[in-house]
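Values in this text are rule-based calculations from the coordinates and carry no lab data. The structure displayed is predicted, hence computed values, not measured ones. Backbone-built Cβ (ideal geometry, glycine too); neighbour counts: all protein chains shown.
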Amino acid sequence: MDRKPLGGRFVRTPLCDMPPSAFKEGAQSFRPSMPERSLWYGELGRNADERGKSSLLASETCLRYDWSVQRLSLGGRLADHPLMTPSGHGPTRPRQFAMPHADLESHQAGVEPLPANITSVQPGGGVCYSLELAWGHVRRWYLRTFRRGYVARMAALRQGDTTGAPHEILDPRDLKYCRNLCTAAWSPADDPFAWRERIPFARWGLAELQLMGYPLLAGTVALALSRFWPLAIPLAVVLFLIVYFFRDPPRRISQEPGLMVSPADGKVVEIAQLENDPFVGGPAVRIGLFLSIFNVHLNRSPCDARVLCLKYSPGKFLSALRPDSAWENEAMWIGLEDASPARRRLVVRQIAGQFARRIVCSLRPGESVSRGHRFGMIKLGSRTELILPATEGLEIVTRIGERVVAGSSILARYKDAE
């Protein structure tokens, strides 16, 4: 077991290198003072629970954080950890899928396979999600039966490999919820549904828009034309809020080198110094963003980067205003490596909220994304975190309380990249 002490206060041990006996150690807990909690959660720290117990996962590593963000220690039972097998004897087997030669080389350079518990771009499921998958089965049956020429033509134009997909990939619509499981794709010129990327609504929310929007629209119109027309007003308000929530406005993306833009819309509620982040590989800064139900909920890449690994943690759906929601709620952890010569590692965390119970992340290990690239969303109010390496030249541009927009607002910059 490779233990690397840091100042006598931190032991770093990757889960994949730890024997079962390492999981038997009891968890440590801390009772922080109010100033320490405020350092961790910024504005949210004022409402922190007095018990002050926390256990945070950081990049597949058995870590225990205290609330002052200054001490970390090995400990805790990981048998109940979502990344462990039911017996608690190690991580679950990662999902395997076919990769072209270029992706295989990047995998050997540090890219990890997709974990087994990420079975789609929306691993938490959902009612609308299930209905859309059911409709997909019907649509594919229709295409195979009545449009065989179209199916053959799309198969000839398809690039990549469909290995790993949970169903047949007949056209680009079949990749909506499983593009992260295989390498199949169509070029924009060959994609008859590329126009959907240009509509001002999140593509991952179109099912919700139709399933909830059409009945509300019909009810609003019917009531508006009747003598009960006042009842149409609340229905119209709900319809407006649903349409407003799934909006996807265009964003101006800066091309200046060294910038780290916001991965989400919302309010900056935390700027915390981390003594060490195991994935980043040293001191780091965590910037926490709170998203209300009125914010755009699409997530965007903070920089030009390569996806190294993803970790999905099922959990609770506590209010994002509660401090313990940061580690108890459902979350998607995304490890990135920026495309600059420095090859900095950074982390984006999507965290579900009380009403935002569905996390969408379409990223595939090994792929490269540009700054401002849409990679997912969190449906209905939530929290997003960005963890940056605190290397020389880092300048934090944002401040607690600032309102930011994804892709455009600058949170930090690295001066050595200028």
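Loop-located chymotrypsin sites (Phe, Trp or Tyr not before Pro) across region 173-204 with a Cβ neighbour count of 13 or fewer within 10 Å are Phe193, with loop assigned by DSSP. Cross-link pairs exceeding 28 Å between alpha carbons, from the set Lys267/Lys415; Lys311/Lys415; Lys267/Lys311; Lys267/Lys316: Lys311/Lys415. Relative protection proxy for 399-405, 365-371, from highest mean packing down: 365-371, 399-405 (other beta-carbon atoms within 10 angstrom). The distance between label points at Phe193 and Tyr142 comes to 1.2 nm (points 7 Å beyond Cα on the Cα→Cβ vector). Each peptide among 221-229, 111-119 gets the average number of other Cβ atoms lying within 10 Å of its residues, and from highest to lowest they stand as 111-119, 221-229.
As a rough guide to protection, the peptides 300-309, 163-172 ranked by mean Cβ packing within 10 Å, highest first, stand as 300-309, 163-172.
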